[in-house]
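Working notes, structure below.
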Amino acid sequence: MTLHLTKVAVGCSSLEILQDRIAANAVDGTAAIRTRYRPTRAAEMAGGSLYWIIAHRLVARQAILGFEEAEGGRCIIRVDARLVPVRARPKRAHQGWRYLDGKDAPEDFDSDDADLSAMPKAMVDELSALALI
């Protein structure tokens with residue numbers, strides 16, 4: 001089963017703010033997440049994703065493209081710049097990143113889901129807070 005990571009979107013109170021932050025730093029369709037340590041289980045993350053936590057909920061993911069060494073022994077996690085909204089699921093905040101088993105990962109919104117952009121933001125936020133979307 002695929003292994004994923006979770007990370008708190010520090011300073012982001014909404015998915016839109018996270019999208020703007022990622023877009024501002026993306027180069028050629030990829031983004032770099034700097035972290036202190038390389039995950040020891042990186043080999044198990046082929047096909048995995050980085051799931052973002054906002055307001056104690058998993059709300060979106062980015063496909064993990066690979067890992068690179070950075071200066072000072074740090075690690076860069078290369079991810080797809082495209083954020084994929086997921087069905088919100090409660091998740092406690094934590095420092096750094098944590099592993100997430102594939103069986104515990106929330107589902108993506110699919111084409112059968114209503115177009116969220118047509119809904120008022122306050123309604124989307126409330127439904128998401130209730131883990132209904």
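The values are calculated or read from the model by the stated rules, or taken from the named source; none is laboratory data. Everything quoted here is computed from the prediction, not taken from an experiment. Neighbour counts run over all protein chains shown; Cβ positions are idealised from the backbone, glycine included.
Residues of region 23-52 being closer than 21 Å to Arg87 by Cα and at pLDDT 95 or above, which ones?
Of everything in region 23-52, those that are closer than 21 Å to Arg87 by Cα and at pLDDT 95 or above turn out to be Gly48, Ser49, Leu50, Tyr51, Trp52.
Taking Ser128 as meeting all but one of (1) at pLDDT below 90; (2) part of a helix (DSSP H, G or I); (3) more than 17 Å from the chain's Cα centre (by Cα), write down the number of the exception.
So the condition that Ser128 fails would be (3).
Is it true that Ala88 is of a type in the set (A, V, I, L, M), surrounded by 15 or more Cβ atoms within 10 Å (Cβ to Cβ), in contact with a helix residue (DSSP H, G or I) (Cβ under 6 Å, 6 or more places away or on another chain) and assigned to a strand (DSSP E or B)?
Answer is yes for this residue.
Out of Thr6, Thr2, I need the residue that is under 13 Å from Leu100 (Cβ atoms), more than 9 Å from the chain's Cα centre (by Cα) and hydroxyl-bearing (Ser, Thr, Tyr). Which one?
Thr2
What pairs can you find where one residue is in region 56-67 and of a type in the set (Gly, Ala, Ser), the other is assigned to a strand (DSSP E or B) and at pLDDT 95 or above, and their Cβ atoms are less than 6 Å apart, with a gap of 6+ or different chains?
Partner pairs satisfying both residue conditions: Ala60/Trp52; Ala63/Ser49; Ala63/Asp80; Gly66/Arg78.
Do we find that Ile22 is under 10 Å from the mean Cα position of the chain (by Cα) and aliphatic (A, V, I, L, M) in this structure?
no
Is at least one residue of region 8-23 assigned to a strand (DSSP E or B) and either touching a strand residue (DSSP E or B) at 6+ places or on another chain (Cβ under 6 Å) or farther than 15 Å from Ala105 by Cα (or both)? So that I can check it myself, show each step before the final result.
Taking region 8-23 first, the residues assigned to a strand (DSSP E or B) are 8.
Filter again for either touching a strand residue (DSSP E or B) at 6+ places or on another chain (Cβ under 6 Å) or farther than 15 Å from Ala105 by Cα (or both), leaving 8.
Yes, because at least one residue in region 8-23 is assigned to a strand (DSSP E or B) and either touching a strand residue (DSSP E or B) at 6+ places or on another chain (Cβ under 6 Å) or farther than 15 Å from Ala105 by Cα (or both).
Just give me the residues in region 1-43 being surrounded by fewer than 18 Cβ atoms within 10 Å (Cβ to Cβ) and more than 26 Å from Glu71 (Cβ to Cβ), in sequence order.
Met1, Thr2, Ser13, Ser14, Glu16, Ile17, Gln19, Asp20
Those residues that are assigned to a helix (DSSP H, G or I) and in contact (Cβ under 8 Å) with a residue 12 or more places away in the chain, I need them from region 24-44; list them, please. Break it down into steps so the answer makes sense when it comes.
Step one: list which residues in region 24-44 are assigned to a helix (DSSP H, G or I), which gives 24-25, 42-44.
Listed by number, the residues that qualify are Ala42, Glu44.
Surrounded by 13 or more Cβ atoms within 10 Å (Cβ to Cβ) and part of a strand (DSSP E or B): does that describe Arg82?
Values: surrounded by 13 or more Cβ atoms within 10 Å (Cβ to Cβ): yes; part of a strand (DSSP E or B): no.
No.
From the residues in region 45-70 that are at negative phi and outside any strand (DSSP E or B), which one is nearest to the chain's Cα centre (by Cα)?
Gly48
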